[in-house]
Amino acid sequence: MLDIQANGSGTVEVAIRGELEMQHAPQLRESLLALLNRGDVTGVNLNLAAVTLLDATGAGALIVTHRIATNRRVALRITAVSVVVVQILTLVGAADLLPV
């Protein structure tokens, strides 16, 4: 579900595949918060192109992580999305918060 790769320049690439819903959202949130807590991460690029299901819990995990990253001055960017992700982020009013 989660593939994390550091590129050595402070930016981490995170690819998420499959379902990002109530069952998997806590794992994503914990993994992303662990990255933000490392202290050497200046950017996180999220590739959501392979996400097949996103519910309100998954969207909430993305929104909370974005807010925490912003407070810590870590750039969190969505670099690729699936149609499902665009639809749900738009529906919950988060399309502008998370640049899609």
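The values are calculated or read from the model by the stated rules, or taken from the named source; none is laboratory data. This is a predicted model, so every value here is computed, not measured. Note: ideal-geometry Cβ built from the backbone for every residue, glycine included; neighbour counts use all protein chains shown.
Table for the structure above
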{"read-out": "Filtered residue count, segment 61-85, keeping only those that are touching a strand residue (DSSP E or B) at 6+ places or on another chain (Cβ under 8 Å), farther than 14 Å from Leu48 by Cα and hydrophobic (A, V, I, L, M, F, W, C)", "value": "3"}
{"read-out": "Subset tally (residues that are part of a loop (DSSP other than H, G, I, E, B) and under 17 Å from Ala59 (Cβ atoms)) for segment 1-40", "value": "5"}
{"read-out": "Residue under evaluation Leu54, criteria (1) loosely packed, with under 15 Cβ neighbours inside 10 Å; (2) at pLDDT 95 or above, criterion not met", "value": "(1)"}
{"read-out": "Members of segment 61-82 found to be touching a helix residue (DSSP H, G or I) at 6+ places or on another chain (Cβ under 7 Å), surrounded by fewer than 17 Cβ atoms within 10 Å (Cβ to Cβ) and not hydrophobic (A, V, I, L, M, F, W, C), listed by number", "value": "Arg72"}
{"read-out": "Residue in segment 41-50 that is in contact with a strand residue (DSSP E or B) (Cβ under 8 Å, 6 or more places away or on another chain), within 19 Å of Leu2 (Cα to Cα), surrounded by 15 or more Cβ atoms within 10 Å (Cβ to Cβ) and among the β-branched types (Val, Ile, Thr) present", "value": "yes"}
{"read-out": "Residue check for Leu98: of a type outside the set (D, E, K, R), modelled with pLDDT under 95, surrounded by 17 or more Cβ atoms within 10 Å (Cβ to Cβ) and assigned to a loop (DSSP other than H, G, I, E, B)", "value": "yes"}
{"read-out": "Members of segment 41-86 found to be β-branched (Val, Ile, Thr), within 19 Å of Pro26 (Cα to Cα) and part of a strand (DSSP E or B), listed by number", "value": "Val44, Val51, Thr52, Ile78"}
{"read-out": "Odd one out for Leu89, checked against (1) under 11 Å from the mean Cα position of the chain (by Cα); (2) crowded, with 17+ Cβ neighbours inside 10 Å; (3) in a helix (DSSP H, G or I)", "value": "(1)"}
{"read-out": "Any pair with Cβ under 7 angstrom, 6 or more apart, that starts in segment 74-98 at a residue that is within 18 Å of Val44 (Cβ to Cβ) and ends at one that is part of a strand (DSSP E or B) and hydroxyl-bearing (Ser, Thr, Tyr)", "value": "none"}
